[in-house]
1. Modelled with pLDDT of 80 or more, more than 15 Å from B:LEU349 (Cβ to Cβ) and aliphatic (A, V, I, L, M): does that describe B:LEU264?
2. Could we say that A:GLU233 is in contact with a Pro (Cβ under 7 Å, 6 or more places away or on another chain) and not in a loop (DSSP other than H, G, I, E, B) here?
3. How about the range A:56-75: which of its residues are over 20 Å from A:ILE45 (Cβ atoms), at the interface with chain B (Cβ under 7 Å from one of its Cβ atoms) and either among the hydroxyl-bearing types (Ser, Thr, Tyr) or assigned to a helix (DSSP H, G or I) (or both)?
4. If you take the residues of the range A:208-267 that are among the acidic types (Asp, Glu) and under 25 Å from the mean Cα position of the chain (by Cα), which of them is modelled with the lowest pLDDT?
5. Taking helices (runs of 4 or more DSSP H) that do not extend beyond the range A:87-202, which have at least 2 residues that are modelled with pLDDT under 65?
6. Looking at the range A:236-261 only, could you name the residues that are out of contact with any Asp or Glu (no Cβ under 9 Å at 6 or more places or on another chain) and buried (at least 20 other Cβ atoms within 10 Å of the Cβ)?
7. Would you be able to say whether some residue in the range A:88-103 is under 21 Å from B:ALA70 (Cα atoms), at the interface with another protein chain (Cβ under 10 Å from one of its Cβ atoms) and not acidic (Asp, Glu)?
Amino acid sequence: MPLTAYDLRYHAEQSYPLLYAYLHRNAQRFLGALKYDAFEVDLVIGHVVEQLVRLGLLGCGDTTPPTALDRLSDAQFYAFLSHSVRNKAIDRLRKRRPPISTSAELETSEGADNDEDPLNEAIESIWGTAPFSTPEEITLHLAQQQELRAILKHCILALRSAPHQLQALLQELRALGADDLLQSLLSEYQLPLPTEADPHQSQHKDHAHKKLRHCLQQRSSNLSVLIALRLTEYGKLSGETQEYSTTVQALAQPNLSPEAVRAGLQALVAEGLLTWHGEEHITLTTAQMKQLSRYYRQE
Amino acid sequence: MNEERDIEGMPDAQPNQYARLAHWIQQVMQQPDAAPSSLATTQDNAEELLDLQFDSQYHLRYYQQLPNFALALLNNEPQATLHYAALLYHLAGCDVCRHAYIDIYSSLKEALRPSGPRPFLGQGTRTLNATPPRMLNHLCRTLISQAEAVLLQERHEHVIPSDWDNQNKEEEARVLLRLALRMGAHIIQQNVRRQALQDLVRVASIAEGWQPVQPNDPEARSYTPALAGTTKTRGKVFRRADMLQPPQHGAQATFTIPLQSHNLNGTIVQHGNQLELHLKDLDVAMRGHHVRVSVLLGSLIEPVRWYGRDPHAILSPTPVADDGSLIIPLGETDLQLSNSEDYQLLETLFMLVDVRKA
């Protein structure tokens, strides 16, 4: 009887024994020398089971939205499970492999018949070649992409209600040499120039970082920027009224719900960038469109 | 989108004018608090409990976006990183979520673009009874921990309704607890089952908004199942279904679930399809009064048709007798205490029974 994500989602009680049996077989296969270590086998199985629960799949029925895993065929889902087991097994093997400290041990190790060692297959990192696998790679992308930088700008501007913290942050940006971003913030939004002497600057900076960290991880921040960008792209100019217009439904395409669009629009209203009272149709004056474009498109 | 390079082919030797800004973002995003711990390490004792990877404080909101994010990247969706920008900023500072993302990305990639032969498919039929209790134990604890994480998220975060966020978190938590309860009932050993479900009552209390009985309240009592061999009975041989033996000649065998509340005993007794709660030695303050019985987990599953339909408010038909005894019919069920699986499920169901003066 094949096992699918659907079975785990809707018939967990019946499917769990099959899942366990499959994971157990694969765990023993990939654990090599540790395959008779019951604790290690359990650990690998437990990792995958916990992952399936934490992802909102195992036993969740309709209470969680379907994910990419729900769209896999049964063969693909088995491949996903098998690879997850493999990743964890290799992780465990690496942790349990004793360090080689002498040349004699090294020779012994090389001479040993290790054909069945799963680590031999894992020449590259078990993390493979996934994009964004390091913080450096992620932050470089965040800094390079104009739209993602716009979210950073949005969150820095949200500090206007705490001028000392904003000042401390601008100081940091200046010291950092992030001139483009700094100039954009200063000129477009008439922000004050950073002042030099503030005995509490370090404290202000810490508070600013905390708020910035929180803001950047909020979907509402992302929505503000995303909707602003879509407004500049989707808004159509009417020759008669000289106003731009679009609809909530249009802004929702692709990948957004109407509720998310409305949340983003409300955030822009709160920032004074838009006049909107919850209607399906959204209209912008040319001045508002220009401001939105400056706000999120240019630096 | 203003892509300056391919998503898959990130940094190379090209000088980058944004490198310093990137470094600063990394510093800002660094989580000051300790991330959820990865608990399982190198214990050799197979009898040890298998620890959970995450506690209920893990970053559920971001974690559950990982498969879709990974798929969007694999499909080279043009606005993938903008659409998941909040997640990407989070991954810049959270090692645990980033490792989970890499794991999921790698497995999803292998599923969609296999680099080798397909793994063999699962075969045969298996039952829960053939599954090791320690793994059922682990599953139950994971489900309960996840239910708590879901409830914590609901209470602590302002959720924007969207395609990512589930609006019915309480129902999700209840579904997880219900599954834990049912799975736990398949664990035969009472001590292992207790261990597996030790947090069930606590988390269900959060879900149900349960007000616990105060320890010194003379007008209320909290009963929990007694450990096997700890109850004293007089006149009858009380049996647990997982200790079934042929009844001794002359002895009357009654299948019951023994309960206790400090020094007081109670029992769940079955007559036909009817379940009754038998209490004795109730406090003087409760004598002569009706009581209200609450079965905390009663609303999670439906094998019992509760009298009055509300398992949290079952009113006693008679007042507590002068000697402190009382029999309260609770409801009807097709489950039988004489059947070991049914017994385990019912014993789990009665993990917390509160009795309060009405």
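The values are calculated or read from the model by the stated rules, or taken from the named source; none is laboratory data. Keep in mind the model is a prediction, meaning the values are calculated, not measured. Note that we place each Cβ from the backbone using ideal geometry, even for glycine, and neighbour counts take in every protein chain shown.
1. Criteria met by B:LEU264.
2. Numbers: in contact with a Pro (Cβ under 7 Å, 6 or more places away or on another chain): no; not in a loop (DSSP other than H, G, I, E, B): yes.
No: the conditions fail for A:GLU233.
3. A:GLY61, A:THR63, A:THR64, A:THR67, A:ALA68, A:ALA75
4. Our first condition is that a residue be among the acidic types (Asp, Glu); within the range A:208-267, this holds for A:233, A:240, A:243, A:259.
Then drop every residue that is not under 25 Å from the mean Cα position of the chain (by Cα), which leaves A:233, A:259.
Numbers: A:GLU233: 84, A:GLU259: 88.
Taking the candidates together, the pick is A:GLU233.
5. Numbers: elements: A:103-111, A:135-144, A:146-157, A:163-176, A:179-188.
Hits in the range A:87-202: A:103-111.
6. A:TYR244, A:LEU251, A:VAL261
7. yes
Residue-wise test of (1) β-branched (Val, Ile, Thr); (2) more than 20 Å from A:THR134 (Cβ to Cβ); (3) at pLDDT below 95; (4) assigned by TED's automatic domain parsing to the domain that holds B:GLU154.
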{"residue": "B:THR41", "(1), (2), (3), (4)": "yes, yes, yes, no"}
{"residue": "B:ALA46", "(1), (2), (3), (4)": "no, yes, yes, no"}
{"residue": "B:GLN57", "(1), (2), (3), (4)": "no, yes, yes, no"}
{"residue": "B:TYR62", "(1), (2), (3), (4)": "no, no, yes, no"}
{"residue": "B:ALA70", "(1), (2), (3), (4)": "no, no, no, no"}
{"residue": "B:GLU77", "(1), (2), (3), (4)": "no, yes, yes, no"}
{"residue": "B:LEU82", "(1), (2), (3), (4)": "no, yes, yes, no"}
